[in-house]
Structures are given as C-alpha cells and as structure tokens.
Amino acid sequence: MEPARAWWGAAILDRRAAPLRWGWAVSDANVELVRRGWEAALRGDLDLVASLLDPDVKWHGGDPAAGCQNRAQALHWMRRARRPLPELVEVRAAGDKVVVVLKPPARSGEESVSVANVTTVRDGKVVEMVHYDRAADALAALGLSSQ
C-alpha cells in the first residue's frame with residue numbers, strides 16, 4: 001500500500017492521526033472555548049467573556065443587521081441580562097458551529113422552554129452568535145437532533 005494511502009486510511013480510522021488537518025481538534029477546542037465563555041458569563045466574569053469575543057462579534061436573532069454589532073454592545077447586553085440567569089444545559093459541535101442550549105428559569109405557572117445560541121468561532125474568537133427562542137429550532141437548523 002502506498003504511504004499516502006496508508007496515512008489516509010489511518011486518518012479516517014484514528015482521529016488522532018491528523019486532528020488539526022481534518023478539523024476534529026479544532027471543533028473540540030471551539031466547544032471548550034464556547035463552554036468556558038458561557039460558564040464565565042453565567043457567573044458574571046465578563047472580563048473573561050470579553051477576551052473570547054472578536055471586536056466585531058455579531059449577536060442577533062437571525063438578522064445580522066439587528067442586535068449587537070460588536071464586543072462592547074454584547075457585553076453591555078450581558079450586563080443588563082435579567083436575573084436569575086439561565087442554566088447551561090448542553091454545548092455541542094456542529095461542523096464549524098457550536099450550539100449552546102440554555103434553560104431559562106420558569107416563570108410562575110409556566111414551563112420553561114430551552115433556548116439556544118449557535119456560535120461561530122474563527123481564529124480562537126467568537127465572531128457570531130445567533131439566538132433561537134427554541135433550542136429544537138437551532139438544532140434542526142444545523143441538522144442535529146434533540147437528545
């Protein structure tokens with residue numbers, strides 16, 4: 001067997017053979033970066049969050065022209081967030097995106113519905129977050145199933 005062909009087979013069978021070239025390690029790193037960011041936000045560590053956001057990060061509900069247009073606006077919105085804050089439920093890779101599922105606290109007499117943000121990371125910084133009012137919609141948009 002040719003060396004290149006043997007390497008290709010090993011890369012497919014063993015993710016560790018070429019993690020950066022094929023994106024597996026990058027995806028794992030993005031998941032951890034996004035998880036750290038949300039955990040920091042939920043405990044109020046906005047200095048850490050700021051270090052993870054690209055200066056031109058966009059955070060919106062589907063229309064990039066609406067919502068937060070940069071790091072300062074995103075941090076301002078986080079500072080004003082209602083209390084109590086949501087619970088971090090799940091963080092999943094979806095190709096070059098990361099899905100963050102959050103469970104807001106239930107309002108009196110109502111069942112809480114999970115929400116989600118689909119996050120894009122580029123060069124180690126969060127460049128976009130798209131909010132979905134229903135986590136199932138975010139997962140479906142990326143071809144993922146609810147667990």
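The values are calculated or read from the model by the stated rules, or taken from the named source; none is laboratory data. Everything quoted here is computed from the prediction, not taken from an experiment. Reconstructed Cβ throughout: ideal geometry from the backbone, glycine too, with neighbour counts over all protein chains shown.
Numbers at a glance
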quantity	calculated
Residue within region 47-56 that is aliphatic (A, V, I, L, M), surrounded by 12 or more Cβ atoms within 10 Å (Cβ to Cβ) and more than 13 Å from Lys125 (Cα to Cα) present	no
Pairs where the first residue, in region 26-42, is surrounded by 17 or more Cβ atoms within 10 Å (Cβ to Cβ) and the second is assigned to a helix (DSSP H, G or I) and at pLDDT 95 or above, C-beta under 6 Å, 6+ apart	Gly37/Val49; Gly37/Leu52; Ala40/Leu48; Ala40/Val49; Ala41/Val49
The one condition in (1) touching a Phe, Trp or Tyr at 6+ places or on another chain (Cβ under 7 Å); (2) assigned to a loop (DSSP other than H, G, I, E, B); (3) of a type outside the set (Val, Ile, Thr) that Arg83 fails to fulfil	(1)
Out of Ala106, Ala116, Ala135, Ala141, sole residue that is in contact (Cβ under 8 Å) with a residue 12 or more places away in the chain and surrounded by fewer than 19 Cβ atoms within 10 Å (Cβ to Cβ)	Ala141
Cross-chain or 6+ apart pairs with Cβ under 9 Å, region 51-73 first and over 15 Å from Asn117 (Cβ atoms), then assigned to a strand (DSSP E or B) and aromatic (Phe, Trp, Tyr)	Gln69/Trp59; Gln73/Trp59
